[in-house]
1. Select from segment 42-51 the residues that are closer than 18 Å to residue 101 by Cα and in a strand (DSSP E or B) and list them in ascending order.
2. What's the number of the condition residue 63 fails, among (1) at pLDDT 95 or above; (2) in contact with a strand residue (DSSP E or B) (Cβ under 8 Å, 6 or more places away or on another chain); (3) more than 24 Å from residue 113 (Cβ to Cβ)?
3. Consider residue 76 carefully, then state whether it is more than 20 Å from residue 18 (Cα to Cα), free of Cβ contacts under 8 Å to residues at least 24 places away in the same chain and either within 16 Å of the chain's Cα centre (by Cα) or outside any loop (DSSP other than H, G, I, E, B) (or both).
4. Can you tell me which residue in segment 101-114 is farthest from the chain's Cα centre (by Cα), limited to those that are surrounded by 16 or more Cβ atoms within 10 Å (Cβ to Cβ) and under 15 Å from residue 45 (Cα atoms)?
5. Within segment 60-80, take every residue that is out of contact with any helix residue (DSSP H, G or I) (no Cβ under 8 Å at 6 or more places or on another chain) and surrounded by 16 or more Cβ atoms within 10 Å (Cβ to Cβ) and give me the one that is farthest from residue 36 (Cα to Cα).
6. For residue 50, state whether it is under 14 Å from the mean Cα position of the chain (by Cα), more than 13 Å from residue 92 (Cβ to Cβ), crowded, with 20+ Cβ neighbours inside 10 Å and at pLDDT 95 or above.
7. Looking only at residues that are touching a strand residue (DSSP E or B) at 6+ places or on another chain (Cβ under 6 Å) and surrounded by fewer than 17 Cβ atoms within 10 Å (Cβ to Cβ) in segment 81-98, which one is nearest to residue 49 (Cα to Cα)?
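The values are calculated or read from the model by the stated rules, or taken from the named source; none is laboratory data. Predicted model only: the values in this text are computed from it and were never measured. Here the Cβ positions follow ideal geometry from the backbone for every residue, glycine too, while neighbour counts run over all protein chains shown.
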């Protein structure tokens, strides 16, 4: 989903890979798609704000996400909205949402659906 940005010196991904093979992954993605940035009519997953969905074998869900801008007015609330969307899913044990601005979000991280919705395609 998100761009596979790499550190030019180390060659390591700047965005930790998601646990896409976990049985809960698709449900967590769908839950993330129910959360919207109030200023943009597109869900945060398709905007590319969810960098990593890491799910442990014990079904602990760790989300690493960003915002379109560090000064976003909902910066303090957005992680709670994401956790509230994921916690009720059957099988989810615990949810932790971490905010990062490395790498900085860019429009190239949006899905084609988000670009279309916002008139960029």
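1. 50, 51
2. (3)
3. The answer is yes for residue 76.
4. 114
5. 62
6. For residue 50, the condition - under 14 Å from the mean Cα position of the chain (by Cα), more than 13 Å from residue 92 (Cβ to Cβ), crowded, with 20+ Cβ neighbours inside 10 Å and at pLDDT 95 or above - is met.
7. Selected residue: 98.
Here's the yes/no breakdown for (1) under 20 Å from residue 112 (Cβ atoms); (2) in contact with a strand residue (DSSP E or B) (Cβ under 7 Å, 6 or more places away or on another chain); (3) assigned to a loop (DSSP other than H, G, I, E, B); (4) modelled with pLDDT under 95:
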{"position": "2", "(1), (2), (3), (4)": "yes, yes, yes, yes"}
{"position": "8", "(1), (2), (3), (4)": "no, no, yes, yes"}
{"position": "16", "(1), (2), (3), (4)": "no, yes, yes, yes"}
{"position": "19", "(1), (2), (3), (4)": "no, yes, yes, yes"}
{"position": "28", "(1), (2), (3), (4)": "no, yes, no, no"}
{"position": "31", "(1), (2), (3), (4)": "no, no, no, no"}
{"position": "40", "(1), (2), (3), (4)": "yes, no, yes, yes"}
